[in-house]
Amino acid sequence: MIIATKAGFTRSGPNDWRAVGRPEYLRQQVELSLRHLGLDRIPLLQLHRIDPKVPLADQVGELKLLQDEGKIGLIGLSEVDVDELKEAQKTATIASVQNLYNLTNRKSEALLDFVEANDIAFVPWFPLATGKLAEPGGPLGSIVKRLGVSGSQLALAWLLQRSPVMLPIPGTSSVDHLEDNIAAAGVKLSADDVEALSTVRS
């Protein structure tokens, strides 16, 4: 288990989220996270979003300073593309990226291929997103029925077989749901299943 958190986002009001990458703000957020989590060091700190108003080197550079001070273990990024990741790598070693990615949203496919080739962890958020796809008669319905699994298990199994650097973070609010998600690690998909799932679109 690894504790991870983020910094670099602020909420000004309902549905009003803004990237804030000023070095002093990032430092403040890390210090507050250390206090709230009761830690001396955050194992993984991810830049929540790149602030377009602040040079990326300044944002990642502050995280590198915090890392050198022992307050951060590993540095990650969130919602970036390949070029942004490469730019950030000029300032610090990037251990992970966290982007929206699931069966119905593959916009980060190129990034996933890049991080896999460079041994960087890929953390897909909102990894399930099956919904009506897994219902009887839906694109995933026949596979769900044949394998005797839930739609969420199928989605997680596909992610886990998609890449060895994949680290899904499905949310849960109950022990039953948690156990259901964990069981997905034991679901084995055939090459035909993977191919069929890889062509699914909402």
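Brief remarks follow.
- Test: residue in the range 2-16 that is at pLDDT below 95, surrounded by fewer than 15 Cβ atoms within 10 Å (Cβ to Cβ) and within 18 Å of the chain's Cα centre (by Cα): yes
- Test result for K107, in a loop (DSSP other than H, G, I, E, B) and either aromatic (F, W, Y) or in contact with a Phe, Trp or Tyr (Cβ under 9 Å, 6 or more places away or on another chain) (or both): yes
- Some residue of the range 67-79 being modelled with pLDDT under 95 and surrounded by 16 or more Cβ atoms within 10 Å (Cβ to Cβ): no
- Check on D58, more than 15 Å from V123 (Cα to Cα) and out of contact with any strand residue (DSSP E or B) (no Cβ under 7 Å at 6 or more places or on another chain): yes
- Of the residues making up the range 170-192, not a single one is in contact with a strand residue (DSSP E or B) (Cβ under 9 Å, 6 or more places away or on another chain) and at pLDDT 85 or above.
- Among residues of the range 24-55, those that are buried (at least 17 other Cβ atoms within 10 Å of the Cβ) and either farther than 21 Å from A95 by Cβ or in contact with a Gly (Cβ under 8 Å, 6 or more places away or on another chain) (or both), counted: 13
The values are calculated or read from the model by the stated rules, or taken from the named source; none is laboratory data. As the structure is a prediction and not an experimental result, all values here were calculated from the model. For neighbour counting, all protein chains shown are included, and Cβ atoms are generated from backbone atoms with ideal geometry for every residue, glycine included.
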